[in-house]
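Below is one structure, written out as structure tokens; the observations come after it.
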Amino acid sequence: QVQLVESGGGSVQAGGSLRLDCAASESGFSIRNMGWYRQAPGKQRELVARMSYVGRTDYADSVRGRFAISRDNAKNTVTLQMNGLKPEDAAVYYCYAVIASRDYWGQGTKVTVSS
């Protein structure tokens, strides 16, 4: 069973930065897509950013230009660098990975942004 282990997150003031890291356990398969979703209280889970195995990226319009995703295919890791954080970025952030056509999720890490 593939496991995704997240680290990072926490509390920051508006305008600050945080970094989220996620590591996937070895599965024997290449990870097609890897990235981050988030869910704020009372809202649906939404895509924040994702990166394909070959480096193609997708960002939510609300974070483009402020967040940057990167991944290390050899280590099965993905990182989300979040700059210029806004109170509306506060949410639980979930790492996800698509491996052998299955979706896997991390346990979530909370990001709090105070104004």
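The values are calculated or read from the model by the stated rules, or taken from the named source; none is laboratory data. All values derive from a computational prediction rather than experimental measurement. FYI the Cβ positions are ideal-geometry reconstructions off the backbone, even for glycines, and counts take in every protein chain you see. These accessible areas exclude ligands, DNA and RNA; they are computed on the full protein's heavy atoms, side chains included. Shrake-Rupley method; radii C 1.70, N 1.55, O 1.52, S 1.80 Å.
Values as computed for the structure displayed
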read-out	value
Shape of region 1-60, Cα gyration tensor, a/c cut at 1.5	prolate
Share antiparallel - DSSP beta bridges, the chain, percent rounded to 5	90
Trypsin sites (Lys or Arg not before Pro) restricted to DSSP loop in region 65-112 with at most 12 other C-beta within 10 Å	75
DSSP-loop chymotrypsin sites (Phe, Trp or Tyr not before Pro) across region 15-88, with at most 16 other Cβ within 10 angstrom	29, 53
Trypsin sites (Lys or Arg not before Pro) restricted to region 1-50 and DSSP loop, no more than 11 other C-beta within 10 Å	43
Extension gain from residue 56 to residue 29, taking 0.36 nm per residue of separation minus the Cα-Cα distance	7.9 nm
Summed side-chain charge close to residue 78 - residues other than residue 78 whose Cβ falls under 11 Å, Lys, Arg +1, Asp, Glu -1	0
For the chain, accessible area per residue (1.4 Å probe, heavy atoms of protein chains only), Å²	54
Solvent-accessible ranking of 11, 17, largest area first, probe 1.4 Å	11, 17
Solvent exposure, largest accessible area first (probe 1.4 Å, DNA, RNA and ligands not counted), of 57, 109	57, 109
For residue 57, net neighbour charge (Lys/Arg +1, Asp/Glu -1) across residues whose Cβ lies under 13 Å away	+3
